[in-house]
1. If I ask for residues that are of a type in the set (A, V, I, L, M) and within 13 Å of ligand 1 (Cβ to nearest atom), which ones from region 267-308 would you list?
2. Would you call Glu142 over 27 Å from Val214 (Cβ atoms), out of contact with any Gly (no Cβ under 8 Å at 6 or more places or on another chain) and surrounded by 15 or more Cβ atoms within 10 Å (Cβ to Cβ)?
3. Gly194: surrounded by 14 or more Cβ atoms within 10 Å (Cβ to Cβ) and touching a Lys or Arg at 6+ places or on another chain (Cβ under 7 Å), yes or no?
4. Could you list, in sequence order, the residues of region 128-139 that are exposed (fewer than 10 other Cβ atoms within 10 Å of the Cβ) and under 28 Å from Gln192 (Cβ atoms)?
5. Name the residue that is farthest from the chain's Cα centre (by Cα), counting only residues in region 225-238 that are buried (at least 16 other Cβ atoms within 10 Å of the Cβ) and more than 9 Å from ligand 1 (Cβ to nearest atom).
6. Against the definition (under 21 Å from Asn277 (Cβ atoms), among the aromatic types (Phe, Trp, Tyr) and surrounded by 14 or more Cβ atoms within 10 Å (Cβ to Cβ)), how does Phe185 come out, yes or no?
7. Any residue that is more than 22 Å from the chain's Cα centre (by Cα), near ligand 1 (Cβ under 9 Å from one of its atoms) and surrounded by fewer than 16 Cβ atoms within 10 Å (Cβ to Cβ) - is there at least one of those in region 246-266?
8. Scan region 166-177 residue by residue and report those that are hydrophobic (A, V, I, L, M, F, W, C) and under 24 Å from the mean Cα position of the chain (by Cα).
Amino acid sequence: MERGKSAVLDDLIKQGINSLLEAKAMAAALLAAFAENRASTTTGTTTTTATTAATATASEQRRSAAALVDKLDAAVVDFERVIGHWEGVKERYYVGERIIRAQEEAWRRVAREIHDGPAQALANIVLRAEICEKLMAAGRPEITQEMEQLKLLVKESLREVRRIIFNLRPMTLDDLGLAPTLTKFLDNLQEQGGPSINFVVSGQERQLPSTIEVALFRIIQEAVQNAKKHAQANRIDVHLDYGPEVITATVKDDGIGFNVDEVQREGYKRQSFGLMNMRERVELLDGEFSINSKEGSGTEIKVMIPALLPAEAAEGEGGGEPSSR
Ligand SMILES: Nc1ncnc2c1ncn2[C@@H]1O[C@H](COP(=O)(O)OP(=O)(O)OP(=O)(O)O)[C@@H](O)[C@H]1O
Ligand SMILES: [Mg+2]
């Protein structure tokens, strides 16, 4: 659905409802005129056969005008339902479109990371292997040093590939769970320097449905990366609280803050998808998302996600009587 087409449909619906409302007003005016006419004929003192016939016709017309008003009323209600439905369809479409765009953006980044990292490193490795080959053929002693360089390059590329794989889908999420995976991620990030990162886990730590763990990991990952990239902060605090029904994650920095409204309004134009993506993930899981930031005074991102998936929660509600035995 192109935006142009959807605007044409919006206009058509608006025109339709306006015509209906006009017709309804005309019918109502007609009805009022009939009522007035009837009042003046019934207040007269003499009644002739002709006026009786005229009154009968007028009352028939009044009835059909009243029926017309009822019909138009019903049509307006139907139309309003169509509008409500259409708005829902549009909203779902745009949410879907945003998700697809955000996914495309994520793939594009991975492709660029592989292109700039391991792909170039491999090309370099081939080049160095060729040098080694020549040195070996010539029986030159530098071969040992060159081989050592080659090994280092392979090791570094392996580490880079592992990092990309970890960012794509940390395997430890399935094996160890959310909190240890976050610890590993945050430790790695801290090793690269920058603000000090503190991570606190509270509540009853437990395994959550994988969709929720992945979502929370991605949200915290993006929020911390944002704080590192944009905030010029000294400190980043990450808190994960395992409540009985709700899991709450907060990422807080003491950096420069930003104008949330402006950034959210211009998300598409700026080609920034991080915050948008966080919000989508939280909404899909029936959670709550808030950004508290002011220019000059740090940022706090807070998400609250029900510990059960929406479908599981619905199942639980209709899950019948608890057993008394
Ligand atoms: N913790 C923060 N401190 C200061 N500014 C922030 C912070 N988080 C986000 N921002 C501002 O909000 C903007 C939007 O963030 P978002 O994560 O959506 O996009 P991005 O980080 O610029 O790009 P992307 O996440 O798509 O790589 C950022 O460009 C930055 O200006
Ligand atoms: Mg970002």
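The values are calculated or read from the model by the stated rules, or taken from the named source; none is laboratory data. Keep in mind the model is a prediction, meaning the values are calculated, not measured. Cβ sites come from the backbone with ideal geometry, for glycine too, and all protein chains shown count toward neighbours.
1. Hits for region 267-308 are Leu275, Met276, Met278, Ile291, Ile301.
2. Judged against the criteria, Glu142 is not a match.
3. When the stated conditions are applied, Gly194 passes them.
4. none
5. Asp237
6. The answer is yes for Phe185.
7. Looking for residues that are more than 22 Å from the chain's Cα centre (by Cα), near ligand 1 (Cβ under 9 Å from one of its atoms) and surrounded by fewer than 16 Cβ atoms within 10 Å (Cβ to Cβ), one finds none in region 246-266, hence no.
8. Within region 166-177, Phe166, Leu168, Leu173 qualify.
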